[in-house]
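The values are calculated or read from the model by the stated rules, or taken from the named source; none is laboratory data. Worth saying up front: this structure is predicted, and the values here are computed from it rather than measured. Glycine also receives a Cβ, built like all others from the backbone with ideal geometry; neighbour counts cover every protein chain displayed. What goes into the accessible areas is simple: the full protein's heavy atoms, side chains included, and nothing from ligands, DNA or RNA. Shrake-Rupley method; radii C 1.70, N 1.55, O 1.52, S 1.80 Å.
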Number of protein chains: 2
Amino acid sequence: MPLVVQKYGGSSVADADSIRRVARRVAATRDAGHEVVVVVSAMGDTTDDLIDLSREITSSPSQRELDQLLTAGEQISSALLAMALHEFDAPATSFTGRQAGLRTTDSFGAARITEINPSRLRSSLDEGCVAIVAGFQGWTADEHTTTLGRGGSDTTAVALAAALDADVCEIYSDVDGMFTADPRVVPTAQRIDFLTYPDATELAAHGAKILHLRAVEFAQRHGVRLHVRSSFTEQPGTWVAASREDLPAGWATTRTDETTDPQQTEDNPMEEPLIQGVAHTRDQAMLTVVNIPDKPGRAASIFAALSQAVSVIDVLGQTHTARENGLVDFSFALPTEDAERARTALLEMQDELEFTDVSVDEGVGKISVSGHGVRSNAEVPAQLMRALADAGITVNMFTTSEARISVVVADHQVEDAARAIHSAFGLDGDTEAVVHAGTGR
Amino acid sequence: MPLVVQKYGGSSVADADSIRRVARRVAATRDAGHEVVVVVSAMGDTTDDLIDLSREITSSPSQRELDQLLTAGEQISSALLAMALHEFDAPATSFTGRQAGLRTTDSFGAARITEINPSRLRSSLDEGCVAIVAGFQGWTADEHTTTLGRGGSDTTAVALAAALDADVCEIYSDVDGMFTADPRVVPTAQRIDFLTYPDATELAAHGAKILHLRAVEFAQRHGVRLHVRSSFTEQPGTWVAASREDLPAGWATTRTDETTDPQQTEDNPMEEPLIQGVAHTRDQAMLTVVNIPDKPGRAASIFAALSQAVSVIDVLGQTHTARENGLVDFSFALPTEDAERARTALLEMQDELEFTDVSVDEGVGKISVSGHGVRSNAEVPAQLMRALADAGITVNMFTTSEARISVVVADHQVEDAARAIHSAFGLDGDTEAVVHAGTGR
């Protein structure tokens, strides 16, 4: 019997009606002859509400206690979803991260999965039950509760799909899939029907908030096929796999082969650069370690400090050439809410690393263009810079990798920049993308 | 170092300010040189809010899922209290029932504690930490989450006090202790400074909602000294122990000996009946199993069925003399919210037990008079009935035990009845009891 893991985000389970809607969908999947594991986020704003509550008590909550607090959110939504499934005559049992056998490191707030023992979920499936798992949470060897950090529920879903050898892992949100840009900002954005893992990684890493980077990386490492789709429609969304040939042939929603243009698959790249999409992220901070001696191992030490403190970092640049005094600067972009934690972690190492300061600039955003050949074709960055200049937007900083160019601009210009770049690379479609309004994400 | 277990109810942790107030008190106890374990209920109306949420989804939630849902409430309050203690520079760690080593039966919604492994709490105390435990919850051998039913947090506190061999278990609420009647209804009620376990059991069983019956029974079985007091004042409340001699001599708040009247201690009862207090309970239902054949073992079967379905039952009567047809009726009083579950459990046994019906009368309340010699002195029931008759109150049913008389009256007459009986037995004090208003319980 094919096994599907479905992940539903907070907006999909925001209230009793939404939970019932999800339950109906899950029950239908089960009735169609699938084993179903559901991973669920906390209801709507629950996580934010709990964080607000903790801030009424302390400005610097213990991360261990914050994890203990926040995991209650997914525990609530998963239990309610189980009850809702019972109303559709589908047997269902909810599981916390601990009960689902999800073991993690003890990096509270940004724990990494170290091991999954899916035997209890397997038993539940064998009994014909839908297994509902509280996303975003795990349990350490010392029996502390942990959270996986941002994108944690996506990662939970993919990790369980890998551990249970699922046929597909479906990531549901209120958008029909992954687009050439955020359709809420760039109305002419087009849905992408298929992405390889590396392409999806680039898109996820740099602003396509629908699917989290860690989840894609996990999927690639374990060969988990992803299907990113809307919980509001039945139409297929974006598939992510090693290749189109790897998609499950018998799957009802995989009939995207017809639209395949062989010239545009990864197996047959053309020499022309192929731009996959434009992603943007707001609420970013730029953090700069100032005047650090250019000695071997310094970067590694900085990364080690940051990896304990934050779940996502993005290197945007470093002054490659040491100044006369032998000092360099490192700059990073990271979510604003992580900036203070990152700064504190770095300052604790000031004596060891001998830098003079850590500066934080909070009012920035990031736009990334991803695709093939963006580095080997000098034309791509030129085209990008021209588009931004034409739109009157100043670039603070930029960086390139094999498959991506990222620029940092002022926060209030991020959306204009995304639209300008999307047009400049000829990505605009004829029809406006459908976005199901009013559900947030 | 003396070890104290403190239990705070939902109204004591209703919001951030209340949580801070509790934290200040806990920190002061620690600073005074005690090891402290805190057991905490869910914040204010959290449990009711979660139940309402589940009712939006289903009218008959799975009890297993309801437990998974509700335990989130205490997880939240305990984590927040730990954060608040950190603000008072007191190291503190929160623990779920699972983490605290609290093993229970798998009677979801009304689980019983089977075993406590306090090693983790002990380690935490040894490190100088305050251990904060989510009340009301446990964990089965099969790793399901359970709740202990009504009064669960009191029971958690007493059970942990027993397992850790605590010097005292303090039960905090917004009332100064246990009274001769509920001071909110009978303003002339007097605080009782000391009660033996049996006396406290009677008072707890029949309406003194400050301390739960199960907790007293547990305390008696394991010799745990209880101190029932207000979280709003520093004055001593009501001590519950085997005898006054058993109270911890060095305890700051135990100086109640001075007020001891040796004639009124259990060790030296006078022949005159000694009325301890008047307790009342509203929102009760009277459930009657109608026309059951009077064969041996019938009552046992009924109790067995009910014990699975509800956490508190109170036998009020049975028609002792079988009617001509050899059939008897059993009547029980129980909380209204349990009535439907009890009725369902009984109806499932209808074929086996051969009764004709189960009737439920929801609009009743119960008043109990407890003390010594209430049964051996015919004067006591007579005095009670006269007081009720004078107040124009009709008694539906009554029952007596060695240390208690209970009557069932119409719900709207319960409070009048409590006041009339309190006066009739000469319990009225000269001053009005202090009740801290606006905090609920």
- Message: Would you confirm, using the coordinates I've provided, whether B:E354 is modelled with pLDDT of 85 or more and open to solvent by 40 Å² or more (accessible area, probe 1.4 Å)?
- Response: yes
- Item | Total residues in the stretch A:198-223, condition over 15 Å from A:V278 (Cα atoms) and open to solvent by less than 10 Å² (accessible area, probe 1.4 Å) | 3
- Query: Quick one: B:R98 ticks every box in (1) among the basic types (K, R); (2) under 19 Å from A:D142 (Cα atoms); (3) modelled with pLDDT under 95 bar one, so which box is it?
  - Reply: (3)
- Message: Residues to consider are B:T146, B:T114; find the one that is free of Cβ contacts under 8 Å to residues at least 24 places away in the same chain and β-branched (V, I, T).
- Response: B:T114
- From the option list B:E115, B:E74, single residue qualifying as away from every other protein chain (no Cβ under 12 Å) and within 22 Å of the chain's Cα centre (by Cα) is B:E115
- Item | Residue in the stretch A:264-275 that is modelled with pLDDT of 85 or more and of a type in the set (D, E) present | no
- Task: Please specify each residue of the stretch B:118-129 satisfying the condition of being within 14 Å of chain A (Cβ to nearest Cβ), exposed (fewer than 13 other Cβ atoms within 10 Å of the Cβ) and either touching a strand residue (DSSP E or B) at 6+ places or on another chain (Cβ under 8 Å) or in contact (Cβ under 8 Å) with a residue 12 or more places away in the chain (or both).
- Result: B:S119, B:E127
- Task: Name every residue in the stretch A:276-299 that is small (G, A, S) and at pLDDT below 75, in order of residue number.
- Result: A:G297, A:A299
- Among (1) within 12 Å of another protein chain (Cβ to nearest Cβ); (2) open to solvent by 10 Å² or more (accessible area, probe 1.4 Å); (3) under 21 Å from B:E35 (Cα atoms), B:M83 falls short only on (2)
- Would you check which residues across the stretch B:109-137 are hydrophobic (A, V, I, L, M, F, W, C) and either modelled with pLDDT of 95 or more or out of contact with any Ser or Thr (no Cβ under 9 Å at 6 or more places or on another chain) (or both) and list them? B:I116, B:L121, B:L125, B:C129, B:V130, B:A131, B:I132, B:V133, B:A134, B:F136
- Item | Which numbered condition B:I132 misses (of (1) buried (at least 22 other Cβ atoms within 10 Å of the Cβ); (2) within 22 Å of B:E217 (Cβ to Cβ); (3) within 13 Å of chain A (Cβ to nearest Cβ)) | (2)
- Query: Can you find even one residue in the stretch B:23-32 that is outside any loop (DSSP other than H, G, I, E, B), open to solvent by 20 Å² or more (accessible area, probe 1.4 Å) and facing chain A (nearest Cβ under 10 Å)?
  - Reply: no
- Query: What strands (runs of 3 or more DSSP E) completely inside the stretch A:343-425 contain at least 2 residues that are in contact (Cβ under 8 Å) with a residue 24 or more places away in the chain and farther than 23 Å from A:I275 by Cβ?
  - Reply: A:357-372
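Residue-by-condition table, conditions (1) at the interface with chain A (Cβ under 10 Å from one of its Cβ atoms); (2) closer than 27 Å to B:D142 by Cα; (3) open to solvent by less than 20 Å² (accessible area, probe 1.4 Å):
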site: B:V40; (1), (2), (3): no, yes, yes
site: B:P61; (1), (2), (3): yes, yes, no
site: B:E65; (1), (2), (3): yes, yes, yes
site: B:F88; (1), (2), (3): no, no, no
site: B:A92; (1), (2), (3): yes, no, yes
- Among the residues listed as B:E56, B:E74, the single one being open to solvent by less than 10 Å² (accessible area, probe 1.4 Å) and among the charged types (D, E, K, R): B:E74
- Look through B:T47, B:T104, B:T140 and report the one residue that is more than 10 Å from chain A (Cβ to nearest Cβ), surrounded by fewer than 24 Cβ atoms within 10 Å (Cβ to Cβ) and modelled with pLDDT of 95 or more. B:T140
- In the stretch A:41-99, which residue that is in a loop (DSSP other than H, G, I, E, B) and of a type in the set (A, V, I, L, M) is farthest from B:A79 (Cα to Cα)? A:A90
- Query: Within the stretch A:8-22, can you find the residues that are open to solvent by less than 10 Å² (accessible area, probe 1.4 Å), under 16 Å from A:Q75 (Cα atoms) and either modelled with pLDDT of 95 or more or within 14 Å of chain B (Cβ to nearest Cβ) (or both)?
  - Reply: A:Y8, A:V13, A:A16, A:I19
